[in-house]
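S.K.: Please find one structure pasted underneath; my questions will follow.
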Amino acid sequence: MRIDPRVAGFLSQALSHEMSVVQQYLTQASLCDCWGLGEQCAYFRREAGEELEHAGQIIRHMLLLGLAPNATRLAPVRPGRDLAEMLALDRQLELEAVRLYDDALRYSQRGRDGASSQLFAALLADEQHHLAELDRLLAELAEKEKHHG
């Protein structure tokens, strides 16, 4: 089977992105743990687990295509100095993921690559959900700050 090099590139980018986000969320979970923010620590650990599942789905797809998975371009961790900054930085990462998966989905649909399209569509939906959750958390935090600040 001939693998479209652009789809292979999207998959590589996706794996690097997901592993970067896992690293980011685990760092933030540890910071929240150090700060005594148990609920937020648990949130970031859950998110890291979801992103790790995404990485696993990408790896499986790459293996099925005969590609060697290799996340070579991990982004530097930017944990943030407080919860609001953490969530804002994570929102940027989720926006990047939405753009990446949207582009990858459109390209794989044009190339009639059903399996890759299905994977990218599922990842896109998950990342859009994460983005909405971050928007909700940021709005809640802003509301709390308004009443306590």
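Bear in mind that the values in this text are calculations on the coordinates, not laboratory data. Predicted, not measured: the structure shown is a model, and the values here were computed from it. Because the Cβ atoms are built from the backbone with ideal geometry, glycine has one as well, and the counts that use them run over all protein chains shown.
S.K.: Could you tell me how many degrees, from 0 to 90 and to the nearest 10, lie between the Cα long axis of helix 83-110 and the main elongation axis, the longest principal axis, of the Cα atoms of the chain?
M.R.: 20
S.K.: Further question: Sorted from fewest to most neighbouring beta carbons within 10 Å, what does the list ASP82, ASP90 look like?
M.R.: ASP82, ASP90
S.K.: Let me ask something else. Using a/c under 1.5 as the rounded threshold, could you call the stretch 5-148 rounded, prolate or oblate? The axes a ≥ b ≥ c are square roots of the C-alpha gyration tensor eigenvalues, and prolate needs a/b larger than b/c, oblate otherwise.
M.R.: Since a/c reaches 1.5 and a/b is larger than b/c, the shape of the stretch 5-148 is classed as prolate.
S.K.: By how many degrees, 0 to 90 and rounded to 10, does the Cα axis of helix 114-148 deviate from the longest principal axis of the chain?
M.R.: In the chain, helix 114-148 runs at an angle near 10 degrees to the longest axis.
S.K.: Using helices alone, I'd like the mean residue ellipticity at 222 nm for the chain: each DSSP H run of four-plus residues gives -39500 (n - 2.57), total over residue count, nearest 500.
M.R.: Calculated at 222 nm, the ellipticity per residue is -29000 deg cm²/dmol.
S.K.: How far, in degrees from 0 to 90, does helix 38-64 lean away from the longest principal axis of the Cα atoms of the chain, to the nearest 10?
M.R.: Here the helix axis deviates by roughly 0 degrees.
S.K.: Considering only DSSP states other than H, G, I, E and B, which trypsin sites (Lys or Arg not before Pro) in the stretch 1-79 qualify as loop sites with at most 15 other Cβ atoms within 10 Å?
M.R.: Passing sites in the stretch 1-79 are ARG2, ARG73.
S.K.: Using the 4.7 Å Cβ rule, please list in number order the cysteines from the chain without any candidate partner.
M.R.: CYS34
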